[in-house]
Amino acid sequence: MIQAIAFYLFATLTIFSGAVTILARNPVHSVLWLILAFFNAAGLMILIGAEFIAMLLVIVYVGAVAVLFLFVVMMLDIDFAQLRAGFIKNFPLGFALAFVLLAELVMGVGAYKAGGLALGTPDAATAPVAGLSNTAAIGALLYSRYLFLFETAGIILLVAMIGAIVLTHRQRGDVRGQKPSSQISRRPEEATINLQPEVGKGVTL
Amino acid sequence: MVDLIQYLPILIFLGIALALSTAFVFLPMGAARLTGTHNPTADKLAEYECGFPAFEDPRSQFDVRFYLVAILFIIFDLEAAFLFPWAVSLKQTGWAGWATMMVFLAELVLGFIYAWKKGALDWE
């Protein structure tokens, strides 16, 4: 009962916020609605028992990817008048793309009516271990059988990190950073001097 | 299969939070409308900000270093996300799984050292 109510709540909100994401005129508002859609999708994931995916959706998509989207949207210098000016010119291409997407949707609904997918039966090595939670079952497979893919993901992350640093990091020459060791080891005697200058004469420093 | 009843308190809290935040927004508005005189003019509703124009185009370009910080955050966020299933499944994967994660962490520590030495984490 509660499960059904929660499902309809999350599903309705997901579809609604997804629609507003497309329809909102302000791109920043679009991203905020997208974040709401992510949250509700996480709720749906919990309802079908995929706890880890749900938490991942919140941590990675809401916490990181959506923030990055906001960054990109705010950084882009969009001139809306110029964008709208190209609308007529690019209309055939846009229409073709929309048509392809619509055809995919229709085919998707058709495939849904044709019945469930006949997935291969899991062999002994990939069958979920009984009595394990969803997260532990993922871990048991990811860190033994799919170890190579996991390490490849690590390498990809490393490449992404180095690439981002190489592309965007600029060293400014005129910056004086902190040097904690020399700053702490400085004594008052070497930093200050006492002088008694005579009247009418300056001080050389 | 998860026992969904465990998540019921969170759903209830979600409902309470929604009701409370709605009340905090609309209750003062209603109270003000009922008790005070409601007579807005254009000058009363205008924002006042001293020293700089209150409204300008938000799409001004800012420093790309914010983007670098966000990218580095995402990468380490993903790394942390991989740690959760590893931690709960160590009993199944054993020493091989432990070694797998150590190699993964070594790869990212390499990147971390690179970022540190390059000064990508310094704000200047």
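The values are calculated or read from the model by the stated rules, or taken from the named source; none is laboratory data. Because the structure is a prediction, the values reported are computed rather than measured. So basically every Cβ, Gly included, is an ideal-geometry build from the backbone, and we count neighbours across all protein chains shown. To get the accessible areas, we keep the full protein, side chains included, count just its heavy atoms, and leave off ligands, DNA and RNA. Shrake-Rupley method; radii C 1.70, N 1.55, O 1.52, S 1.80 Å.
Quick look at the numbers
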| quantity | calculated |
| --- | --- |
| Cα centroid of segment A:14-33 to Cα centroid of segment B:77-124, whole Å | 35 |
| Spread of Cα-to-Cα distances over 10 Å intervals beginning at zero, given as percent, for chain B | 9, 16, 18, 22, 20, 11, 5, 0 |
| For segment B:61-124, Kirkwood radius (reciprocal of mean inverse C-alpha pair distance, Å) | 13.5 |
| Label-point separation, A:Phe95 to B:Lys91 (7 Å along Cα→Cβ), nm | 6.3 |
| Length gained when the stretch B:Leu4-B:Thr35 is fully extended (0.36 nm per residue, less Cα-Cα span) | 6.6 nm |
| Unit Cα scatterers, Debye sum, chain A: log10 I(q)/I(0) for q = 0.10, 0.11, 0.16 Å⁻¹ | -0.80, -0.92, -1.44 |
| Label point distance in nm, A:Thr192-B:Ala99, each placed 7 Å from Cα along Cα→Cβ | 6.2 |
| Helix A:27-47 axis, angle to chain A major axis (alpha carbon atoms, nearest 10°) | 60 |
| Heavy-atom accessible area ranking, 1.4 Å probe, most first, across B:Lys117, A:Lys179 | B:Lys117, A:Lys179 |
| For chain B, the longest site-free run once chymotrypsin sites (Phe, Trp or Tyr not before Pro) in DSSP loop states with at most 13 other Cβ atoms within 10 Å are removed | B:63-122 |
| Label-point separation, B:Phe52 to A:Ser133 (7 Å along Cα→Cβ), nm | 4.7 |
| Nearest-ten-degree value, helix B:65-88 long axis tilted from longest Cα axis of chain B | 60 |
| Angle between chain A longest axis and helix A:66-75 axis [Cα atoms, degrees, rounded to 10] | 60 |
| List B:His38, A:His169, ordered by accessible area with a 1.4 Å probe, largest first | B:His38, A:His169 |
| Ellipticity estimate at 222 nm from DSSP helix runs (n ≥ 4, -39,500 (n - 2.57)) divided over the protein assembly as shown, nearest 500 | -21500 deg cm²/dmol |
